[in-house]
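Please read the structure below before turning to the comments.
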């Protein structure tokens, strides 16, 4: 069993993957374009195709996964609810969900700090 890391091509997801790699954890990074990610990062990380707007990618991405680092993806037509249901059906028993991102651009969130 392993961990699925979403958001790998962004800052936070990449840092999570680096930390897991440093701790020799078993994980896979869900990305829209496996070929591009593999070309850029070589064999340092394992990748699986995952596109939240394409439910046909969910089953393969969730194979052998018991934990997920989950970021809400950018874009339109996301099938996020369906992904969560499929994860549960696949036996995922732990999800770490990053609910706030890009906080530096959202002054209505209490984590926001004005720059002086």
Let me confirm something: among 65, 31, 12, which residue is in contact (Cβ under 8 Å) with a residue 24 or more places away in the chain and either more than 19 Å from residue 85 (Cβ to Cβ) or surrounded by fewer than 18 Cβ atoms within 10 Å (Cβ to Cβ) (or both)?
12
Across the stretch 41-59, what is the total count of residues that are over 14 Å from the mean Cα position of the chain (by Cα), surrounded by 12 or more Cβ atoms within 10 Å (Cβ to Cβ) and over 17 Å from residue 16 (Cβ atoms)?
2
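Computed from the coordinates by the stated procedures, all read-outs in this text should not be read as laboratory data. This is a predicted model, so every value here is computed, not measured. Neighbour counts are summed over all protein chains in view; Cβ atoms, including those assigned to glycine, are modelled from backbone coordinates with ideal geometry.
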